[in-house]
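Chemist: Here it is, the structure, as structure tokens.
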Amino acid sequence: MSTSLLLNRKPRVLILSASSGAGHVRAGQALEKAFRAQAPCEVTHIDALQYVSKLFQGIYNKTYIRMVNRAPDLMGLLYDRTDRPWSQQRPRLAMDRLNTQPMIRMLKKMQPDLCVATHFLPAEILAWLIAKKKLRARHVITVTDYDVHAAWLCQTVDRYYVAIEESMEYLARIGVPREKLCVAGIPIDPLFAQPVSAAEARRKLGLGANEFVLLLSAGGYGIGPVEQLVSDLVESKKSWQIVAVAGKSEPLKQRLDALARHAGRTPSGSPRLMPVGFTTEMDQYLAAADLLIGKAGGLTTSEALARELPMVLIEPIPGQEERNADHLLEAGAAIRCNNLPAAAWKIAKLAEQPEKLAAMKRAARAMARPDAARLIAQDALELLHWNFQLLNEP
């Protein structure tokens, strides 16, 4: 029997992300698309940080970006010190409850049937409300990195969706029941499940047909040493074409535009440097590129894997990015540049090794899970149907 028949209405699906870094929101957006394509649901996607105190919001947004740019080692230290499974839940929950009263009121009023968290903050609040029987909902968590930090751990969870088998095994070994674990991958836009040829993408984006295309990504917030690296790549005078994505950082985009005016052209006449601001066409840029250069965020690297694109990881942020990088390096889908002054040289050496690039491409294909969002939506809805049946049994 269908859910709509059981309750005479569409099930309410609430996706909760958080805009502390762009990846959690992008994962939520991917899941929103997937749920809408799966079944007749009422799907709502909310940025949880819009329902917290202003001070708390500032800590999650501004402090995160400042630490990444100015004190990455401190961020890594905090990440490691707080990664103690099951040991700091009570004090963290007490602080988060104090600062998330608007979110708690919103959840009680909305009373969703299925809650999907792509960030640990709303996941924790949802788990507490369900444990206190203030919500009657299924609760699933989608982890947006390859490793699972202790902050993601909650007692009242129906399903954890993780990126790789190692993470599933880790959670099982620290006490999460195996029936609650599913290796689905990190949810990315369903567009990435659709094949796109490099030639077609290059025509659409105005890129040269025959150049070796380097794609540099600074992430959604323009984080990382992009400007210096672009300058070094331009000065190398190689025949490659450089596409540099500045994300939402308008100052970075302006500085890249200034570099582009003096970068010249490739032997075929294409612009050597093409700066790009915030874009909704990353699927096309990734399809067009021969090599991705950037940070080791879970969403960006998952998108690259879906496009079978080898990666060069530049100075991964200590903590989750370093752990993401470890998994990508182990799989053979990426190389790592820890020394920015030598990065352009190392990239040039890699570009001259077609056999190594081909092997990295094969490794990316083996690790890719482009259909993750659809699989998560499908599995979560099956949990929801079973829940409705239990609620309506006589």
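Every number here is computed from the coordinates shown, using simple stated rules; none is lab data. Just so it is clear, the structure is predicted and the values come from calculations on it, not from any experiment. When we count neighbours, we look across all protein chains shown, and the Cβ atoms used for this are built from the backbone with ideal geometry, even at glycine.
Chemist: Antiparallel as a % of all DSSP beta bridges within the chain, to the nearest 5?
Modeler: Around 0 percent of the beta bridges assigned by DSSP in the chain are antiparallel ones.
Chemist: Ok, one more. If you take every DSSP beta bridge fully contained in the range 195-367, what fraction is antiparallel? Give it as a percent rounded to 5.
Modeler: 5 percent
Chemist: Find how many whole Å separate the alpha carbon centroid of the range 274-289 from the alpha carbon centroid of the range 163-202.
Modeler: First find each Cα centre; the distance between them is then 22 Å.
Chemist: Give the average over all directions of the projected area of the C-alpha convex hull of the chain, one decimal, in nm².
Modeler: For the chain, averaging the hull's shadow over all directions gives 19.6 nm².
Chemist: While we're looking at this one, here's another question. If the cut-off is 21 Å between C-alpha atoms, which lysines fall inside it for K248, apart from same-chain ones fewer than 8 positions away?
Modeler: K62, K295
Chemist: Which lysines have a Cα less than 17 Å from the Cα of K33, not counting those fewer than 8 places away in the same chain?
Modeler: K10
Chemist: Over the range 195-367, what is the mean sequence separation of C-alpha contacts under 8 Å (at least six apart), divided by residue count, expressed as relative contact order in percent?
Modeler: 21 percent
Chemist: How high is the relative contact order of the chain, in percent, counting Cα pairs under 8 Å that sit 6 or more residues apart? Each step should come with its number before you reach the end.
Modeler: Numbers: 752 pairs, mean separation 69.0, N = 394.
Reported relative contact order: 18 percent.
Chemist: Between beta-carbons, use under 13 Å as the cut-off and find the net charge around A198, counting Lys and Arg +1, Asp and Glu -1.
Modeler: That sum, taken over residues with Cβ under 13 Å, equals 0.
Chemist: Suppose R0 equals 35 Å; then what is the FRET efficiency for R365 and N339 from their Cβ-Cβ distance, rounded to the nearest 0.05?
Modeler: Working from the Cβ atoms, E equals 0.75.
Chemist: To make sure I understand the rule: partners must be lysines, Cα under 19 Å from the Cα of K349, and not fewer than 8 residues away in the same chain. Which ones qualify?
Modeler: K349 reaches K237, K238, K361.
Chemist: Where does the charge balance sit around M103 when Lys and Arg score +1, Asp and Glu -1, over other residues with C-beta under 14 Å from its C-beta? Could the numbers behind the result be given before it?
Modeler: Values: positive: K54, R97, R105, K108, K109, K134; negative: D47, D96, E124.
My count for the surroundings of M103 gives +3.
Chemist: How much net charge surrounds G298 when only the other residues with a Cβ under 12 Å from the Cβ of G298 are counted, with Lys and Arg +1 and Asp and Glu -1? Could the numbers behind the result be given before it?
Modeler: Working: positive: R26, K295, R323, R369; negative: D145, D147, E303, E321.
My count for the surroundings of G298 gives 0.
Chemist: Moving on to the next point. Sum -39500 (n - 2.57) across every DSSP H segment of at least 4 residues in the chain, then divide by the residue count to get the 222 nm mean residue ellipticity, nearest 500.
Modeler: -14500 deg cm²/dmol
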